[in-house]
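Okay, structure first, notes after.
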Amino acid sequence: MMRGKFISLEGGEGVGKSTQAQMLSDALEMRGLGVLETREPGGTPGAEAIRKLLLDKQFDWDVAAEALLFAAARSDHVANAIGPALNEGQWVVCDRFIDSSRAYQAGGDDLSDDAILSLHTIGSYALMPDITFLLQAESEDVAQRLAERDGDNADRIGSRSADYHARVAQRFRDLAAMDPERFVLIDAAGSPEEVHARIMRAMAPLLGEGG
Ligand SMILES: Nc1ncnc2c1ncn2[C@@H]1O[C@H](COP(=O)(O)OP(=O)(O)O)[C@@H](O)[C@H]1O
Ligand SMILES: [Mg+2]
């Protein structure tokens, strides 16, 4: 059995990751591929339970506890959903993965990128996606999308300051620059269909459809 391909979608809140994960999964299924569409934190019952802890505003996790919870959720997700699916030949489309931990939990004063990658080695045998789409949009466009989606109900991490989210966006760009073989930068402006078309053009080589 050929191992499936592992695709992650990354970027800040509201850039369109979940919208594009769904459209990409549908497109792959239309091509006759078996697809697991999943998300982080979450994707298994245990990891979804950890997700609730992470996003609940009644808790004030410090950066280390937060990083460990994300790593624990990812470990369960990889062991019980992503790994088995890939081994069965399914393609996995994951809405956020390790790069979100690297962008959100590392880069401040407390945790280094190496620390996050060590947790990933312990938790998930350092599994990396075959391809990672980094969706990028102007902060004004994103603010408008989020206002329409969430109103005043942003979660514990989504509701952090604009400065925090700008730093996260910059860290995502740095990660992409460090690993240009794996990352594909996607302009997330325009309609969902336009963004999807950009992603499918970048998927062509993986799908054996020419470049
Ligand atoms: N290309 C787009 N143009 C306008 N609105 C969009 C676009 N893509 C997604 N949206 C809307 O913007 C909001 C955020 O998109 P979503 O996919 O939830 O982003 P993310 O998962 O990255 O946080 C949703 O309400 C979604 O319907
Ligand atoms: Mg989403």
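FYI, it's all coordinate maths here, none of it is from the lab. Predicted model only: the values in this text are computed from it and were never measured. Positions of Cβ are generated from backbone atoms using ideal geometry, with glycine treated the same way; all protein chains shown enter the neighbour counts.
Below, the figures for the structure above:
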{"read-out": "Residue list for region 109-135, filter: buried (at least 20 other Cβ atoms within 10 Å of the Cβ) and either part of a helix (DSSP H, G or I) or within 16 Å of ligand 2 (Cβ to nearest atom) (or both)", "value": "I116, L119, H120, G123, S124, T132, F133, L134, L135"}
{"read-out": "Options G46, G42; residue that is within 11 Å of ligand 2 (Cβ to nearest atom) and either touching a Ser or Thr at 6+ places or on another chain (Cβ under 8 Å) or over 21 Å from R201 (Cβ atoms) (or both)", "value": "G42"}
{"read-out": "Subset of region 79-100 that is crowded, with 24+ Cβ neighbours inside 10 Å and among the aliphatic types (A, V, I, L, M) - its residue that is nearest to F6 (Cα to Cα)", "value": "V92"}
{"read-out": "Check on L175, outside any loop (DSSP other than H, G, I, E, B) and without any contact (Cβ under 8 Å) to a residue 24 or more places away in the chain", "value": "no"}
{"read-out": "Residue tally, condition away from ligand 1 (no atom under 13 Å from the Cβ) and in contact (Cβ under 8 Å) with a residue 60 or more places away in the chain, over region 129-152", "value": "4"}
{"read-out": "Checking L175 against (1) out of contact with any Asp or Glu (no Cβ under 6 Å at 6 or more places or on another chain); (2) away from ligand 2 (no atom under 16 Å from the Cβ); (3) of a type in the set (A, V, I, L, M), the condition it does not meet", "value": "(1)"}
{"read-out": "Every residue from region 14-36 that is surrounded by fewer than 20 Cβ atoms within 10 Å (Cβ to Cβ) and within 16 Å of ligand 1 (Cβ to nearest atom)", "value": "S18, T19, Q22, M23, D26, A27"}
{"read-out": "Count of region 75-98 residues which are within 16 Å of ligand 2 (Cβ to nearest atom) and under 9 Å from S8 (Cβ atoms)", "value": "5"}
